[in-house]
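Undergrad: Take a look at the following structure, please.
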Amino acid sequence: MAAARRELGQLTVEEYAKQWRPRQRRMTDYSTGWHVDSSINVHIVPRLGSRKLNSVTPMVIERFLDEMESDGVGRGNQVNIFWVLKTILRDAYAKGAMADDPVKGVQEPEYVRAQVAIPPLAYVTKARGGCRRGRGAGDRHDGGMRPAQR
């Protein structure tokens, strides 16, 4: 049993991710599965793919997150990519590939939506030229229908 765990720990992140992905039966290939594959192939493998599982530590994950941020990856994408990486690594940890939880204590990226301010109706009415139905000075009043050309 210990030998199997040591062997598992010698797999690279890329090798383990390729074994892990087919076991995710609840992911549909056309939506969630496609996004997970993209996270693995575009972000995780290029940055961490060659690293042995047993060498992945919280500091390695922190650097991974810093690299994504410095490369301009949006915060919402960072959250999704981190979720995929965390799921893969926690699965490996549960199977004994690492001695310690590699994401324990890592501050996860957080996506905060910007608040959208909806202007009051009076402002919208004024912006549309005074008519509540939305027709401004340049709008056609014939419903867009033009008489036939002769």
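Undergrad: Looking at region 68-91, which of its residues are over 12 Å from the mean Cα position of the chain (by Cα) and assigned to a loop (DSSP other than H, G, I, E, B)?
TA: Those that are over 12 Å from the mean Cα position of the chain (by Cα) and assigned to a loop (DSSP other than H, G, I, E, B): Asp71, Gly72.
Undergrad: Ok, one more. Could you go through region 110-123 and let me know if any residue there is more than 24 Å from Gln19 (Cβ to Cβ) and at pLDDT 90 or above.
TA: For region 110-123, residues more than 24 Å from Gln19 (Cβ to Cβ) and at pLDDT 90 or above: absent.
Undergrad: Shifting gears a bit: Which residues, taken from region 42-62, are under 20 Å from Val79 (Cα atoms), of a type outside the set (Gly, Ala, Ser) and in contact with a helix residue (DSSP H, G or I) (Cβ under 9 Å, 6 or more places away or on another chain)?
TA: If the condition is that a residue be under 20 Å from Val79 (Cα atoms), of a type outside the set (Gly, Ala, Ser) and in contact with a helix residue (DSSP H, G or I) (Cβ under 9 Å, 6 or more places away or on another chain), then Val42, His43, Ile44, Val45, Arg47, Leu48, Val56, Val60, Ile61 are the ones that fit.
Undergrad: Tell me which of these Ile40 doesn't satisfy, since it passes every other one: (1) without any contact (Cβ under 8 Å) to a residue 24 or more places away in the chain; (2) under 18 Å from the mean Cα position of the chain (by Cα).
TA: Answer for Ile40: the failing condition is (1).
Rundown of residues vs (1) surrounded by 17 or more Cβ atoms within 10 Å (Cβ to Cβ); (2) modelled with pLDDT of 95 or more; (3) not in a helix (DSSP H, G or I), yes/no style:
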| position | (1), (2), (3) |
| --- | --- |
| Leu8 | yes, no, no |
| Tyr16 | yes, yes, no |
| Arg26 | no, no, yes |
| Asp29 | no, no, yes |
| Gly33 | no, no, no |
| Val42 | no, yes, no |
| Pro46 | no, yes, no |
| Glu62 | no, yes, no |
| Asp66 | no, yes, no |
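Undergrad: Taking the options Ser55, Ser50, name whichever one is modelled with pLDDT of 95 or more and open to solvent by 90 Å² or more (accessible area, probe 1.4 Å).
TA: Ser50
The values are calculated or read from the model by the stated rules, or taken from the named source; none is laboratory data. Being a predicted model, the structure only gives us computed values, none of them experimental. Note: ideal-geometry Cβ built from the backbone for every residue, glycine included; neighbour counts use all protein chains shown. When the accessible area is computed, the model is the full protein with side chains, heavy atoms only, and any ligands, DNA or RNA have been set aside. Shrake-Rupley method; radii C 1.70, N 1.55, O 1.52, S 1.80 Å.
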